[in-house]
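The values are calculated or read from the model by the stated rules, or taken from the named source; none is laboratory data. Here the structure is a predicted model, which means the values were calculated and not measured. Ideal geometry is used to build each Cβ from the backbone, glycine not excepted, and the neighbour counts take in all protein chains shown.
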Amino acid sequence: MKNTIKSLIGFSIGATDDEIGKVTDFYFDDITWTIRYLVVETGNWLSNRKVLISPEALLHCDWENEIFPVNLTKGQIEKSPNIDTDQPVSRQQEMELYAHYPWTNYWASGMGTTGMMMPMSPVHLEEAVKNSENTPDAEADGDPHLRSVKSVEGYTIHASDDNIGDVEDFLVDDSNWTIYYMIVDTGNWFPGKKVTISPDLIKEINWETSEVIINASVEQVKNSPEYDASKQLSTPYESILKNYYSQTNSYK
């Protein structure tokens, strides 16, 4: 099921022995367009410390009570590596997380034949941690492809010929935690209309200018199928959207 990221902010995280906090943000990989971490504020029991939880730890969601159960204990959370979520998350910090938790799919920077990030084995993980310790400046600015969804909200959508809207939200599939669409508010250009942009259309994200540059014109976005936030995203809508951009030769 596809949900907006904003609708998931505030969900509680339920450990096996108690609640540990609430979701305040998500980190996504801008190559694979998948959620890599939930950012969880732990509250008073852990001095409001923020921790990162991989989607791999999630169990079946309790949608009615807005709870994400996880296969972790409060003790595991308490003893997890300290990470300042207000600063870029370094590759070494990520590897320390995966050395602490029983997670198996740490995605390294190497790309496989399918174009997807390659999983790192426990042995290679340990070697990478040691190597990173010997090169303190190698990841000083953090993983360049790990981004906060909150930081991207409000970015300007720059079409091939002009600006066309602002990033309002994301639509993510909770079955695989893949981001399928950006929700774009075109209010300053075309009042009252919202559209969705697939990552397939995104040419570049310019972090310095806070712009998402897409392979489509203003006219193409203006005439694209409108997104109705009051309705569940449907298969027919997605088919119409893909056909529309395919016919205008915008998809890669």
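A few comments on the model shown:
- When E219, E208 are checked against the criterion of being under 15 Å from D162 (Cβ atoms) and charged (D, E, K, R), a single residue qualifies: E219.
- Within the stretch 210-221, tally of residues that are free of Cβ contacts under 8 Å to residues at least 60 places away in the same chain and either touching a strand residue (DSSP E or B) at 6+ places or on another chain (Cβ under 8 Å) or not polar (S, T, N, Q) (or both): 8
- Candidate set: the stretch 190-205, residues that are basic (K, R) and surrounded by 15 or more Cβ atoms within 10 Å (Cβ to Cβ); chosen: the one farthest from V167 (Cα to Cα): K193
- Top-ranked residue of the stretch 20-34 - restricted to ones that are at pLDDT below 95 and among the charged types (D, E, K, R), ranked as farthest from E78 (Cα to Cα): D30
For (1) more than 21 Å from D30 (Cα to Cα); (2) in contact with a helix residue (DSSP H, G or I) (Cβ under 9 Å, 6 or more places away or on another chain), each residue gets a yes or a no:
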| residue | (1), (2) |
| --- | --- |
| V149 | no, yes |
| Y155 | no, no |
| N176 | no, yes |
| T186 | yes, yes |
| K193 | yes, yes |
| E204 | no, no |
| A216 | no, yes |
| K231 | yes, yes |
| S246 | yes, no |
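One line per residue, one yes/no per condition, for (1) assigned by TED's automatic domain parsing to the domain that holds P88; (2) charged (D, E, K, R); (3) on the phi > 0 side of the Ramachandran plot; (4) in contact (Cβ under 8 Å) with a residue 40 or more places away in the chain:
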{"residue": "V167", "(1), (2), (3), (4)": "no, no, no, yes"}
{"residue": "S175", "(1), (2), (3), (4)": "no, no, no, yes"}
{"residue": "K194", "(1), (2), (3), (4)": "no, yes, no, no"}
{"residue": "N223", "(1), (2), (3), (4)": "no, no, no, no"}
{"residue": "E226", "(1), (2), (3), (4)": "no, yes, no, no"}
{"residue": "P236", "(1), (2), (3), (4)": "no, no, no, no"}
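- Scanning the stretch 1-37 for residues that are acidic (D, E) and touching a strand residue (DSSP E or B) at 6+ places or on another chain (Cβ under 9 Å) turns up E19, D25, D29, D30.
- Residues in the stretch 7-32 that are of a type in the set (D, E), assigned to a loop (DSSP other than H, G, I, E, B) and surrounded by fewer than 17 Cβ atoms within 10 Å (Cβ to Cβ): D17, D18.
- Residues that are crowded, with 16+ Cβ neighbours inside 10 Å and either on the phi > 0 side of the Ramachandran plot or in a loop (DSSP other than H, G, I, E, B) (or both) within the stretch 33-71 comprise W33, T42, R49, S54, C61, listed in sequence order.
- From A216, A229, residue being surrounded by fewer than 18 Cβ atoms within 10 Å (Cβ to Cβ) and small (G, A, S): A229
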